[in-house]
1. Which residues, taken from the range 80-92, are under 17 Å from ALA59 (Cβ atoms) and open to solvent by less than 70 Å² (accessible area, probe 1.4 Å)?
2. Among the residues of the range 49-59 satisfying the criterion of being in contact with a strand residue (DSSP E or B) (Cβ under 7 Å, 6 or more places away or on another chain) and open to solvent by 50 Å² or more (accessible area, probe 1.4 Å), which is nearest to ALA30 (Cα to Cα)?
3. Across the range 28-40, which residue is surrounded by the most Cβ atoms within 10 Å (Cβ to Cβ) among those that are under 60 Å from the mean Cα position of the chain (by Cα) and over 11 Å from LEU84 (Cβ atoms)?
4. Looking at the range 232-246 only, could you name the residues that are open to solvent by 10 Å² or more (accessible area, probe 1.4 Å) and assigned to a strand (DSSP E or B)?
5. Between ALA64, ALA71, which is of a type in the set (A, V, I, L, M, F, W, C), at pLDDT 90 or above and farther than 30 Å from ARG239 by Cα?
6. Kindly evaluate THR98 against the criterion of being assigned to a loop (DSSP other than H, G, I, E, B), of a type in the set (S, T, N, Q) and touching a strand residue (DSSP E or B) at 6+ places or on another chain (Cβ under 6 Å).
7. Considering only the range 60-74, state which residues are outside any loop (DSSP other than H, G, I, E, B) and open to solvent by 40 Å² or more (accessible area, probe 1.4 Å).
8. Looking at THR111, THR77, THR43, which one is surrounded by 15 or more Cβ atoms within 10 Å (Cβ to Cβ) and either free of Cβ contacts under 8 Å to residues at least 60 places away in the same chain or closer than 30 Å to ARG239 by Cα (or both)?
Amino acid sequence: MMAGVTVLVATPAAAQQPPSVTAAPQPATAGGPVTISWGGFVTCRAVSIIFTLDGTQIATAGSASSGSVGATVPAGTTAGSHKLEARSTNTKCGNAGTALRVIVPPPPVTTTTKPPVTVPPVTNPPVTNPPVTTRPPVVTTTTPPTTTTTTDTPSSSSQPPSSSTDALTNPGDGVLVLDKENIQPGDDLTATGTGCPKGANVTLKSLGQDVGKTTADENGTFRSPVKFASIEPGRHKVRAECGIVLVGNVDVTLSSSSGGTTSTLVVLLFFLLVGAAMLRRQFSGLRR
């Protein structure tokens with residue numbers, strides 16, 4: 001009887017999975033999170049798995065044949081493909097590497113809102129007209145041969161000048177004085193004024209025409225002849241403009257021969273009456 005023989009057939013051991021490491025998401029963002037997974041590592045006691053990106057440690061995990069761990073991609077990582085490695089502190093326990101593609105997010109868009117532009121209101125300065133000094137009109141009275149009429153016109157000054165000569169020698173401030181109150185066409189006329197700014201240009205005007213120009217002295221006083229290009233009988237204003245306005249009046253009259261004619265008629269009438277008386281005497285003598 002043959003003894004039994006036991007035949008042992010060697011069964012090949014299951015193939016060992018090589019260490020591997022993966023990362024998600026792909027691509028990862030610089031400064032953003034990344035999940036690292038590993039497998040096929042030999043379990044060793046008291047051994048840690050170190051995860052590096054381009055040699056910089058970004059995470060660790062305890063000894064395990066497989067698993068996953070969260071990490072953060074360094075903020076300064078440039079865009080492109082980088083080497084991600086998982087290795088045990090004991091090189092006999094396994095190492096694995098892979099590529100991690102990294103993108104760099106664009107910088108945030110900063111919107112700058114300009115403050116509203118406030119335009120200050122435009123304020124026009126008030127228009128100030130130069131002061132107007134008006135001299136009261138001088139009333140000139142024409143006296144007929146047999147009638148005398150006198151008209152007094154009060155002056156706006158507290159003490160009016162006694163005559164045109166006095167006003168010309170010492171005129172008050174801001175006054176225009178004409179040396180004649182009544183002229184005939186062709187007569188000379190002189191204007192004297194005070195109250196103008198020192199050295200101001202003075203323009204004399206009447207009837208819309210320039211009738212004289214001069215310059216005020218250091219005291220603001222001026223004197224200028226007044227010449228009319230054409231003038232009609234009546235009252236006319238003469239304005240002196242020198243930064244202020246001074247006004248004076250003059251009356252223009254035409255020469256009249258009515259007085260001479262009246263005198264001539266009176267003389268002729270006298271002689272006619274004398275002649276008539278003499279004739280009456282002669283006739284009376286003849287009758288006797």
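The values are calculated or read from the model by the stated rules, or taken from the named source; none is laboratory data. Fair warning: this is a prediction, and the values are worked out from it, not measured in the lab. Counting neighbours? That spans all protein chains shown, and the Cβs are built from the backbone with ideal geometry, glycine included. These area figures cover heavy atoms from the full protein model, side chains too; ligands, DNA and RNA do not enter into them. Shrake-Rupley method; radii C 1.70, N 1.55, O 1.52, S 1.80 Å.
1. Just the residues of the range 80-92 that are under 17 Å from ALA59 (Cβ atoms), to begin with: 82-89.
Selection gives HIS82, LEU84, GLU85, ALA86, SER88.
2. The residue in question is ASP54.
3. Just the residues of the range 28-40 that are under 60 Å from the mean Cα position of the chain (by Cα), to begin with: 28-33.
Cutting the leftovers down to over 11 Å from LEU84 (Cβ atoms) gives us 29-33.
On the way: THR29: 16, ALA30: 18, GLY31: 14, GLY32: 15, PRO33: 12.
Among residues in the range 28-40 that are under 60 Å from the mean Cα position of the chain (by Cα) and over 11 Å from LEU84 (Cβ atoms), the one surrounded by the most Cβ atoms within 10 Å (Cβ to Cβ) is ALA30.
4. Those that are open to solvent by 10 Å² or more (accessible area, probe 1.4 Å) and assigned to a strand (DSSP E or B): GLY234, ARG235, HIS236, LYS237, ARG239, GLU241, VAL245.
5. On the way: ALA64 fails: at pLDDT 90 or above.
Being of a type in the set (A, V, I, L, M, F, W, C), at pLDDT 90 or above and farther than 30 Å from ARG239 by Cα holds for just one of ALA64, ALA71, which is ALA71.
6. Details: assigned to a loop (DSSP other than H, G, I, E, B): no; of a type in the set (S, T, N, Q): yes; touching a strand residue (DSSP E or B) at 6+ places or on another chain (Cβ under 6 Å): yes.
Spelling it out, it is not the case that THR98 is assigned to a loop (DSSP other than H, G, I, E, B), of a type in the set (S, T, N, Q) and touching a strand residue (DSSP E or B) at 6+ places or on another chain (Cβ under 6 Å).
7. Keep residues of the range 60-74 that are outside any loop (DSSP other than H, G, I, E, B), which gives 60-62, 67-72.
Matches in the range 60-74: THR60, GLY62, SER68, GLY70, THR72.
8. Values: THR111 fails: surrounded by 15 or more Cβ atoms within 10 Å (Cβ to Cβ); THR43 fails: surrounded by 15 or more Cβ atoms within 10 Å (Cβ to Cβ).
After ruling out the rest, the residue left standing is THR77.
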